[in-house]
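Notes for the one structure printed next.
The values are calculated or read from the model by the stated rules, or taken from the named source; none is laboratory data. Computed from a predicted structure; not experimentally measured. Glycine also receives a Cβ, built like all others from the backbone with ideal geometry; neighbour counts cover every protein chain displayed. Just the protein is used for accessible areas: all its heavy atoms, side chains included, with ligands, DNA and RNA removed. Shrake-Rupley method; radii C 1.70, N 1.55, O 1.52, S 1.80 Å.
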Amino acid sequence: MDILNTIISAIYYLFIAFISVLIIYNLIKTKDWKKEVIYIVILMPFLLRLFFLK
Amino acid sequence: MKTKSIIRKVLLSTAGLVIVVFAGIEFYQHRHYKETVVIGDWVEVKKLGDYFEGIQGSVNDCNVFIIEGDEPGATSLILGGSHPEEPAGRLAAWLMVENARIQTGKLIVVLSANRSGTTVTRPSGAYPTKYTIPTSWGGQTFRMGDRWSNPLDQWPDPEVYIHCPSGQNLAYVDIRNLNRTWPGRANGTLTEKTCYAYMQLIEKEKVDLVIDMHEAELQYPVINTIVAHENGQELATLVSMMLTDFEGFSIGTEFSPKNLHGLSHREIGDHSDAVSLLFEAPEPFLDATRGITGEKQLLEGKDEFVIKAGEHGLLFAPMDENGWPIDVRVGRHTSTILQTFESWNEYYPEKLIVCFDVPRYAEVIKNGIGFYLKNHEEADNKTIVFE
Ligand SMILES: [Zn+2]
């Protein structure tokens, strides 16, 4: 159970890292400034979790 | 890509990064803030991990304070911080650890039953991360917490939480709720292991009476009450009568539902020899219709929007412009504990617990909680414990 939890947690953090990369990729690609703001706002909780802050 | 567009992206990203850094610093400081406890040389400090290896070294390997009397008697375990967003439960436990003397029996106190939950506040809740109780030396600061274990310590949550051993389906988030994971599992999640560790403590210390201290929103029907397992119903009823008659505040009794699993008042009674009680005090801070969710509201318990809810008959406890200050809520808990010991002694004269030097309801209100907290700056290093 303990090992299973650790594996699932690790996958979860990899997933967060992957989504963060996708958001940053979209942020670079987009030409609409409103979308840029939205991508940055969406990215914040992902970064906070990725760096183990909240 | 045009230069203009690049400059805009860089500027927006920098602004976002600044917000993340400032928020990150606040979250980090909250998670690592050290609260102080000043203890007398009669207090023994153990760790929860001393009772169950599986919790050793984890965020929930909290301090366990033990005060033993000269004469043998009953052993009582007092849990503060089962739900760390209910500060009166923790503060009442703090007053016990820093002030209580035991003549007969043994008192075991925990300040942060779910320590992980004290290191985070509700995501998007805009809660204050800390609060300060005024004292003669300036003030003592405590971590504000959440109802659930920190997602950094236990994640992800399942789709449905299946309680062990009952098999009852509970809300997914309650797999991180210490008061839904009793009696716990040795190989379960962090929160389940924490409950399992307390069950080991109860067994190894031969605990006779467990008291779990909480607070509730006024829009929740279980409030201003003692919730009792059937093994503690008579005791709770006597305590409720005595407090209502002699201390000037009313507190009811509720019987722990047999089919609602994971709660301390149900599972500790079912899975150990201990009598199990849970106390609820009123905390307007938790009400859904509250105003600004700040430190002031948390400590003063005043809120015009909760009063408005009362005018529409939506509350299960009275609420007026005086609110429910933290001193009143903590005083209710200390008096209810002391009265429980006194009533216990009437039922079990062969197994007494005699406790003194803990302030009662009227004293806490008159002098304030801060009067009974000990100044760590003046204390000997050996007497300071970090929580
Ligand atoms: Zn609670």
For this session: Kindly check whether there is at least one residue in the range B:234-253 that is among the aliphatic types (A, V, I, L, M), open to solvent by 30 Å² or more (accessible area, probe 1.4 Å) and modelled with pLDDT under 95.
Result: no
Problem set entry | Search result, residues across the range B:22-50 that are within 11 Å of another protein chain (Cβ to nearest Cβ) and surrounded by 13 or more Cβ atoms within 10 Å (Cβ to Cβ) | B:ALA23, B:GLY24, B:GLU26, B:PHE27, B:TYR28, B:HIS30, B:ARG31
Problem set entry | Matching entry among A:ILE3, A:ILE24 (being over 19 Å from B:LEU152 (Cβ atoms), open to solvent by 50 Å² or more (accessible area, probe 1.4 Å), among the β-branched types (Val, Ile, Thr) and modelled with pLDDT of 95 or more) | A:ILE24
Exercise. Does the range B:174-211 hold any residues that are part of a helix (DSSP H, G or I) and open to solvent by 30 Å² or more (accessible area, probe 1.4 Å), and which are they?
Worked result: B:ARG180, B:TYR196, B:GLN200, B:GLU203, B:LYS204
Problem set entry | Evaluation of A:VAL21 against (1) within 9 Å of chain B (Cβ to nearest Cβ); (2) out of contact with any helix residue (DSSP H, G or I) (no Cβ under 9 Å at 6 or more places or on another chain) (one fails), failing number | (1)
Exercise. Of the residues that make up the range B:77-92, is at least one aliphatic (A, V, I, L, M) and away from the ligand (no atom under 16 Å from the Cβ)?
Worked result: yes
For this session: Might you let me know whether the range B:100-107 holds any residue that is in contact with a Lys or Arg (Cβ under 8 Å, 6 or more places away or on another chain), more than 15 Å from the ligand (Cβ to nearest atom) and closer than 30 Å to B:ILE175 by Cβ?
Result: no
Seminar exercise, completed: Filtering the range B:128-167 down to residues that are of a type outside the set (D, E, K, R), within 16 Å of the ligand (Cβ to nearest atom) and open to solvent by 20 Å² or more (accessible area, probe 1.4 Å) yields B:TRP148
Problem set entry | Matching residues, the range A:1-18, being more than 7 Å from every other protein chain (Cβ to nearest Cβ) and either touching a residue at least 60 places away in the same chain (Cβ under 8 Å) or farther than 19 Å from B:SER124 by Cβ (or both) | A:ILE3, A:LEU4, A:THR6, A:ILE7, A:ALA10, A:ILE11, A:TYR13, A:LEU14, A:PHE15, A:ALA17, A:PHE18
Problem set entry | Scope the range B:351-370; condition under 14 Å from B:LYS106 (Cα atoms) and open to solvent by 60 Å² or more (accessible area, probe 1.4 Å); matching residues | B:LYS351, B:PHE356
For this session: Please identify the pairs in which a residue from the range B:339-365 that is on the phi > 0 side of the Ramachandran plot has its Cβ atom under 8 Å from the Cβ atom of a residue that is part of a helix (DSSP H, G or I) and modelled with pLDDT of 95 or more, counting only partners at least 6 apart or on another chain.
Result: B:ASP357/B:ASN99
Exercise. Looking only at the range B:155-167, which residues are of a type outside the set (Val, Ile, Thr), assigned to a loop (DSSP other than H, G, I, E, B), more than 13 Å from B:CYS195 (Cβ to Cβ) and out of contact with any Pro (no Cβ under 9 Å at 6 or more places or on another chain)?
Worked result: B:TRP155, B:PRO156, B:PRO158, B:GLU159, B:SER166, B:GLY167
Exercise. Can you tell me which residues in the range B:184-217 are touching a Lys or Arg at 6+ places or on another chain (Cβ under 6 Å) and within 16 Å of the ligand (Cβ to nearest atom)?
Worked result: B:THR191
Seminar exercise, completed: Filtering the range B:149-183 for residues that are touching a Lys or Arg at 6+ places or on another chain (Cβ under 8 Å) and within 13 Å of another protein chain (Cβ to nearest Cβ) leaves a count of 7
Exercise. How do the pairs read when you match residues in the range A:34-50 that are at the interface with another protein chain (Cβ under 7 Å from one of its Cβ atoms) with residues anywhere that are open to solvent by less than 30 Å² (accessible area, probe 1.4 Å) and charged (D, E, K, R), using Cβ under 8 Å and keeping only pairs 6 or more apart or on different chains?
Worked result: A:GLU36/B:LYS9
